[in-house]
Amino acid sequence: MKKLLQYSSFIILFMLTAVALPGEVWAQLTDTTGVSEGLRGAPRAYNYDARTTALGDATVADPTYLTGFNMNPATLSFVRDADVVQLNSYHAWNNNLMEQSITLPAIRYRNHRMAAQFGVIHNGINSLNYRGESQVPEPNLNGAHMDLAYAISYENVLSFGILNSFRYAQNSNNNDGRWSYFASLGVLYAPSESVSYGVAFRGLGHSPVYQLAEAGQLGNSGETILADQNLRESLELGATLKFPVDTDHNYLALSLANEKRFGEDGIWYKIGFEFYVVPALALRSGLLFQPDRDLYTPRFGLGLDVDILKIDYSVSYKDQIFEHFHQLGLTIYFDRL
């Protein structure tokens, strides 16, 4: 308890500064292409943590973090540290939308696990010139989300999971509220502590989508109009390798994944690499690559383990496919008190 009090000021500072820290709030599987000048988009649909984004979203088979259930709900069964609270803050440089979320400790009963995540979406506190000359119009909206994950394991090697996600968004006039729901399904096979394989099917449902009215359109110029749009379904397969396995800490992790987004030509290839320089400091890098569209997005990040806290940071600097963001995460380990 004494340690928690010692870090309370840091936690409060994190929450207060989260609104000033830049995460990608663009739904990766929501089709917003073909609309000029960035007048249309969607709040973030998949709330990946800072470690996941730093590893190029390649962690469909990695049960390291509790929030990994956003990538694959089946990872919930094999998370080593399930009694934690995770806080994340995202800020999109391209449109100044932000998101903060909190993930609560998992509930365990025999071979069942459940976890909950809550968050808010809103505009940044000001329009700092993160985006330079290429900035797109800034929508006026806010919203909230709730995510409920459940996983069941068999023989401690196989897990099945489902993630239920509820979204609410409204425009600046507070008179155009929209509810939406989508689900994700996942399977994880972990024959040993050094290797695991994962499959996830995402995009079963809807996501809010916004459009800024131009002069001559319905509404006043610049007004944010909300609607619903089907998420683009996707199937992802991947594997994660960790070394060594005979110690309390893994010093090297390699994640590989292939994602097929239905209705889109080609396959997304993802790779993530994590290396612990010392037990308290991890360096991370990742890459998303789509050769058919000649799209590639490099990612970078780090993790710092400070007693009962772990701090994670990631950045995606390449202004492509609305992947221009950075993100901060904080994990609180109650079992270390």
Query - Nitroxide proxy distance, nm - points 7 Å out along Cα→Cβ at residue 110 and residue 193 - result: 2.7
Query raised in the report: Across the Cα atoms of the range 273-337, what radius of gyration and what greatest pairwise Cα-Cα distance (Dmax) are found, in Å?
Result: 14.8, 50
Query raised in the report: With the other protein chains left in place, how much accessible area per residue, in square angstrom, belongs to the range 232-319 at a 1.4 angstrom probe?
Result: 49
Query raised in the report: What is the Cα centroid distance between the range 179-198 and the range 263-335, reported in whole angstrom?
Result: 18
Query - Simple spin-label estimate for residue 213 and residue 283 in nanometres, 7 Å along Cα-Cβ - result: 5.2
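The values are calculated or read from the model by the stated rules, or taken from the named source; none is laboratory data. None of the values given here were measured: they were computed from a predicted structure. Please note: Cβ atoms are built from the backbone with ideal geometry, for glycine as well, and neighbour counts cover all protein chains shown. Only protein heavy atoms, including side chains, enter the accessible area calculation; ligands, DNA and RNA are left aside. Shrake-Rupley method; radii C 1.70, N 1.55, O 1.52, S 1.80 Å.
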